[in-house]
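Colleague: After the structure tokens below, expect a handful of questions from me.
Derivation of every value follows stated rules applied to the coordinates shown; laboratory data play no part. Keep in mind the model is a prediction, meaning the values are calculated, not measured. Neighbour counts run over all protein chains shown; Cβ positions are idealised from the backbone, glycine included.
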Amino acid sequence: MSEEEKSPVRRKAAAGLMQYSPENIVPFGPVHPALKEPEYFKLVLEGERIIEVYPKIGYVHRGIERAAQDRTWVQNIYLFERICGICSFAHSLAYSQTVEGLSTFEIPRRARYIRTIIAELERIHSHLLWLGLVGYWTGFDTLFMWIWKDREHVLDLVESITGNRVHKSFVTLSGVRKDLPDGIGDRIRTEMNYLEKRVDFYKELVSTEETLLTRTKGVGRINQEVARRLCPVGPLLRSTGIARDVRVEDPYAAYDEVVPDVKSSTDGDIASLIVLRLEEARESCRLVTHAMERIPQGPVRLTVPRIVPAGDNASHVEAPRGELIYFVRSGGKMLPERVKMRAPTLANILTAVEMLKGRPLADVPVVLTGMDPCFGCMDRIAVVDVNKQKEWAIRGEELRQLGIQYYKKGNMQ
Amino acid sequence: MTTAAILVEALIFPGLTFFVCIAFLFEWLERKTAARMQGRIGPVVAGRFGILQPVADFFKLASKEEMVPLYADRLVFDFGPQLFFAAPAMGLVFVPVTGPSSILSDPLDLLFMLFILAFSALMAALLGYSSAGRYSIIATGRLVLQYTGYEIPMIIAMVTPAVLAGSLSFDGIVAAQGTYWFILLAPISFACFLVAALAELEKPPFDIPSAKTEIVAGWMTEFSGRALAYVKLTKNLSYVFLSAIAVALFLGGPLGPVLSGNATVQSFFYLLYFLIKLFAVGFCIFAIRTALARVRIDQATRLFWTVITPLSLLQLGVALILR
């Protein structure tokens, strides 16, 4: 039996695909210039217009969750950081928070503030990176180059605080690894001033540059009804007017004292996503400066036991792309029993697919990446989409069936 | 002139070899300008300021293995690149470079030039179809659609100077610009020609048939090795070709102040004027290319049909009155 015959879910997906002649199906990926990471989208085209999209995920499944069960609690911080090269701090922070929730110690206030600063710097860098890529996808290379040059300022700042540019390796259980370097306050202030000016400039540029607007205005529009049905997270959700943010709703780190102003927009198209992300980046600049002003003195970490008390805990942070959820089960040993994560891209991918339908092929890179996909983050589990009356839905029973099939094949170790 | 002399002129100077060198220089200048505008450095390795980088790229590509898709139409796939290359190489012979007259000239030059431009687009479409790749086929569809958009305004824009000069030969058009250049009489035509040239060259904002983030390398996706080297060289040569046409039609070709009574020395000055104008036009194209994002194919065709074509027609009407 072929793989498709064995699984009812896959069979349905294949049957959905088979009603179209193969000439109309254009592969987008797994390796494609528009995608930073491998992921496969089968696009059914009618001329230039997309009538159906079949995403196939799992190309960057690296078995990290399983690997976590063979590593100690502290080692895992550095492992989970490597899930994503962009929001690495969000992953290590979410994991540490979840593990810290099982223990009783109080995290030093200074450490909370430092975590907030790094998390916000990461948000600025992630949003700028994304906007640069939008420039690249719309063929506006100059925007791409300019923004990435400004992004270097953030990366340099992060490097001088943590010692690393990408994988910061900065969070540790009970705090952060080291204190802020001397005299960094002035530097942060000047850099943030500079970045605020640049972000304002880019905001003006993206809302006046005609060729960019023709490519983004009204493209990939979703409304609140679609958003409520498909549950996207992060900027994608906020762009429809639903202003939800973990930082405000369930404050972690120092967000209870440094309160962000949650931005939202009502247009729900790519143009509004661009402006929204720029506004968020500007808000992050303000938060960093604000946190720097209020940061208290004190220790940045504690000496904590290597064994985490038994129990289950789940926690979440607002990663640059949206809500990032971690679940940890501890058996009171040196190693975790199970760690599970849900990355924002997984929550967003079905919405992106919905946004693509009916659009011309030229919009694929812009729309698909409008959600700021991070396939490396997403590929933890296999989710197969089912095509029923042209509607995307994952039904519980099918998911259960999928689970049974999955384990039957001996995929679990 | 003897046949041998014409052959030497056509193949070496100021013909093919000369223009191929200019084409490499154009690519280098384009990359360098774009890099500087974008806050980068650009090529630096090969030669001084990286000036030999396009040549190095050409030879590297030419020495690479050639892959032919299984379902490709071998006849077109194999011979297409050469024919594609022949189009601008042949057209450049009719452009005056070192003096008021070109190497070969004919009273109906301009019509032949229009044919060459159409032939070039046809070859690109054939090459795309012959490689039988999915990206290539989509790109070819886009190319042809774009062609229907830009060809008519381009022809109208090219005919306007001919109307003003009352001649269909390049020599005649250049000679008619002795007192003032046609860009002064027909500025809109010049602008329309530049926009159409951007579309013909597949440069942003009209790089739709080769949009790398959507359809990989467009109709060139399946080409590799020598064929790709040729196709890329041809695109650069077309770049020079279209700039040279713009110079001849609107900027007075090689004409300029006569500084020497000696014919040989003066032809050197003519060459200098020609090159300055050529690089000025090329630079306009680089600057537009760097400053804009890519539009969609429907937006591009709408722009050509509703804005560029009426504008060029308007200018043609004005030219008919001015004449």
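Colleague: 7 Å from Cα along Cα→Cβ at both B:ALA46 and B:CYS21: what's the point-to-point distance in nm?
Modeller: 1.7
Colleague: Working out 0.36 nm times the residue gap between B:VAL258 and B:LEU114, then minus their Cα-Cα distance, what length gain in nm do you get to one decimal?
Modeller: 48.7 nm
Colleague: For the range B:66-162, what Kirkwood radius comes out of the mean inverse Cα-Cα distance, in Å?
Modeller: 15.1
Colleague: In the range B:1-127, what is the volume of the convex hull around the alpha carbon atoms, normalised per residue and reported in Å³?
Modeller: Residue-normalised Cα hull volume stands at 179 Å³.
Colleague: Once fully extended, how much extra length lies between B:LEU275 and B:ARG226, figured as 0.36 nm per residue of separation less the alpha-carbon to alpha-carbon distance?
Modeller: 14.7 nm
Colleague: Which value in deg cm²/dmol, rounded to the nearest 500, describes the helix-derived mean residue ellipticity at 222 nm for the protein assembly as shown, given -39,500 (n - 2.57) per DSSP H run of n ≥ 4 and division by the residue count?
Modeller: -18000 deg cm²/dmol
Colleague: Using a 10 Å cut-off on Cβ to Cβ distances, tally the other chain neighbours for every residue of B:295-305 and report the average as a whole number.
Modeller: The per-residue average across the peptide is 3.
Colleague: If you take the beta carbon distance between B:LEU320 and A:HIS167 as r and set R0 to 51 Å, what does 1/(1 + (r/R0)^6) give as a FRET efficiency, to the nearest 0.05?
Modeller: 0.15
Colleague: For each of A:ILE64, B:ILE6, count neighbouring Cβ atoms within 10 Å of the residue's Cβ, then give the residues from fewest to most.
Modeller: B:ILE6, A:ILE64
Colleague: Sticking with this structure for a sec: Just check the range B:191-269 against the gyration tensor rule for me: Cα atoms, a ≥ b ≥ c as the square roots of the eigenvalues, rounded for a/c under 1.5, and otherwise prolate or oblate depending on whether a/b exceeds b/c.
Modeller: Judged from the Cα gyration tensor, the range B:191-269 comes out oblate (a/c at least 1.5, b/c at or above a/b).
Colleague: Still on this structure, please answer the following. Set the Förster radius R0 to 25 Å, insert the Cβ-Cβ distance between B:THR306 and A:THR208 as r into 1/(1 + (r/R0)^6), and round the FRET efficiency to 0.05.
Modeller: For R0 = 25 Å, the calculated efficiency reads 0.70.
Colleague: Over the protein assembly as shown, how many percent of alpha carbon pairs lie in each 10 Å bin up to the one with the longest distance?
Modeller: 3, 13, 20, 21, 17, 13, 8, 4, 1, 0
Colleague: Compute the Rg to Rh ratio over the range A:223-311 from the alpha carbon atoms, using the Kirkwood formula for Rh, and round to two decimal places.
Modeller: Using Cα coordinates only, the ratio equals 1.13.
Colleague: Still on this structure, please answer the following. Label points 7 Å out from Cα along the Cβ direction at A:ASP186 and A:LYS333: separation in nm?
Modeller: 5.4
Colleague: Hey, another quick one. Hey, for a label at A:ARG286 modelled as a point 7 Å past Cα toward Cβ, could you say which residues of the range A:247-268 have their backbone N under 12 Å away?
Modeller: From the range A:247-268, the list is A:259-264.
Colleague: Now for a different question. Compute the convex hull volume of the Cα atoms of the range A:64-338, divide it by the residue count, and report the result per residue in Å³ as a whole number.
Modeller: Convex hull volume per residue, Cα atoms: 122 Å³.
Colleague: OK, next. Order these by the 10 Å Cβ neighbour count, fewest first: A:MET371, B:MET123, B:MET67, B:MET220.
Modeller: Result, fewest neighbours first: B:MET67, B:MET123, B:MET220, A:MET371.
Colleague: Would you mind ranking B:PHE24, B:PHE206 so that the residue whose beta carbon has the fewest other beta carbons within 10 Å leads the list?
Modeller: Going from least to most buried by this count: B:PHE24, B:PHE206.
Colleague: Place a point 7 Å from Cα of A:PHE105 in the direction of its Cβ. Which residues in the range A:148-175 have their backbone N less than 11 Å from it?
Modeller: Within reach of a label on A:PHE105: A:172-175.
Colleague: In addition: Which of the chymotrypsin sites (Phe, Trp or Tyr not before Pro) found in the range A:92-143 are in a DSSP loop and have at most 16 neighbouring Cβ atoms, other than their own, within 10 Å?
Modeller: Those satisfying the criteria are A:PHE105.
Colleague: Which residues in the range B:120-146 place their backbone N less than 17 Å from a point set 7 Å from the Cα of B:ARG74 along the Cα-to-Cβ direction?
Modeller: B:130-132
Colleague: Share of Cα-Cα pairs in the range B:3-322 beyond 29 Å, in percent?
Modeller: 37
Colleague: Next question. If you build a Gaussian network model of chain B, linking Cα atoms that sit under 10 Å apart, which residue out of B:VAL159, B:VAL68, B:VAL265 swings the most?
Modeller: B:VAL265
Colleague: Moving on. May I ask you to derive the FRET efficiency for B:ASP298 and A:ASN223 from their Cβ-Cβ distance with R0 = 30 Å, giving the value to the nearest 0.05?
Modeller: 0.80
Colleague: Then there is this: Using the basic label-point model (7 angstrom from Cα toward the beta carbon), what is the A:GLN297 to A:HIS61 distance in nanometres?
Modeller: About 5.4 nm, to one decimal.
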